[in-house]
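The values are calculated or read from the model by the stated rules, or taken from the named source; none is laboratory data. Owing to the predicted nature of the structure, the values given are computational and were not obtained by experimental measurement. With ideal geometry, Cβ positions are generated from the backbone for all residues, glycine too; neighbour counts draw on all protein chains shown. In case anyone asks, the SASA skips ligands and DNA or RNA and just uses the protein heavy atoms, side chains included. Shrake-Rupley method; radii C 1.70, N 1.55, O 1.52, S 1.80 Å.
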Amino acid sequence: MLNATAPARPNKVPAVTLVFWIIKLLSTTVGETGADYLAVNAGFGQFVTVAMMAAALAVAAVLQFRTRRCIPAVYWLTVILVSIVGTQITDVLTDSLGVSLYASTAFFGVALALVFIGWYRCERTLSIRSIDSVRRECFYWSAVLCTFALGTAAGDLATEAWGLGFKFGVLAFGSLIGMVLVAWHLGANAVLMFWLAYILTRPLGAALGDLLTQSPDYGGMGLGSTLTSVIFLAAIVALVALSHLPGTRAQAASNLPLKELP
């Protein structure tokens, strides 16, 4: 029988470059604005939106797991759908089922910790440079889903329940990411810093999405979820298309080199 941890495939996660983080931030914002558009503007409601996006995510996940290498278009499509589903899970818990943001933040925080504990106990690493087996990919995407749900709950807790507001939410979470970046440059554990930044980009993207879409009466810029989603999706498509061009991925990685994860 094959060992489940044996590296049978190349790494299934893109190189962590500046382009990676830009697309990640754009996708988290689309998760916020896209979920709002489908649930509110399109009139599907939260439960139907969750069902539709969960079905779409299942299809994308099958494609992602069946590929033998990292295909940027498939990978980022899966990330966007995870972002929308993760956002809607938290919204359903809060808005429809009455679960407090404190409870949902704590729940998804514990869930993410359990995923990391199980991942490390089985694989002895949490590095995304070695997502090269089915089991590691399962752990990876479970962690990603939990980060989006946790980030949504934590972001709403800060901007709404604590009254931080959208503008200060963007500044606060952006500053936290900046602190993580400084710690990483000073020699902090690269894997830990990666996952902290990955989690924090979710509430940053959510606060940015709300800032752009909400009415000025509520502290936003009033662009609306439709326009914001279209603009950000177009930017993601353009960046992902560039990543498919010959030599572009290597050039993107060499333009702004990042220290490799262990």
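If you take the residues in the range 70-127 that are of a type in the set (Gly, Ala, Ser) and open to solvent by less than 10 Å² (accessible area, probe 1.4 Å), which one is nearest to Gly45 (Cα to Cα)? Per the stated criteria, the residue is Gly86. Could you grab me the full set of residues in the range 200-224 that are closer than 15 Å to Ala154 by Cβ and either touching a Pro at 6+ places or on another chain (Cβ under 8 Å) or in contact (Cβ under 8 Å) with a residue 60 or more places away in the chain (or both)? Those that are closer than 15 Å to Ala154 by Cβ and either touching a Pro at 6+ places or on another chain (Cβ under 8 Å) or in contact (Cβ under 8 Å) with a residue 60 or more places away in the chain (or both): Thr201, Arg202, Leu204, Gly205, Ala206, Leu208, Gly209, Asp210. So, Arg135, is that one under 21 Å from Ala190 (Cα atoms) and either basic (Lys, Arg) or part of a helix (DSSP H, G or I) (or both) or not? Criteria not met by Arg135. Looking across the range 128-160, the residues that are open to solvent by less than 40 Å² (accessible area, probe 1.4 Å) and of a type in the set (Asp, Glu) come down to Asp132, Glu137, Asp156. Could you list all residues from the range 23-52 that are without any contact (Cβ under 8 Å) to a residue 24 or more places away in the chain and β-branched (Val, Ile, Thr)? Answer for the range 23-52, where residues must be without any contact (Cβ under 8 Å) to a residue 24 or more places away in the chain and β-branched (Val, Ile, Thr): just Val48.
Just to be sure, is Ser215 polar (S, T, N, Q) and open to solvent by less than 30 Å² (accessible area, probe 1.4 Å)? Answer is no for this residue. The set of residues in the range 231-246 being more than 16 Å from Thr78 (Cβ to Cβ), modelled with pLDDT of 90 or more and out of contact with any helix residue (DSSP H, G or I) (no Cβ under 6 Å at 6 or more places or on another chain) consists of Ile231, Ala234, Ala238.
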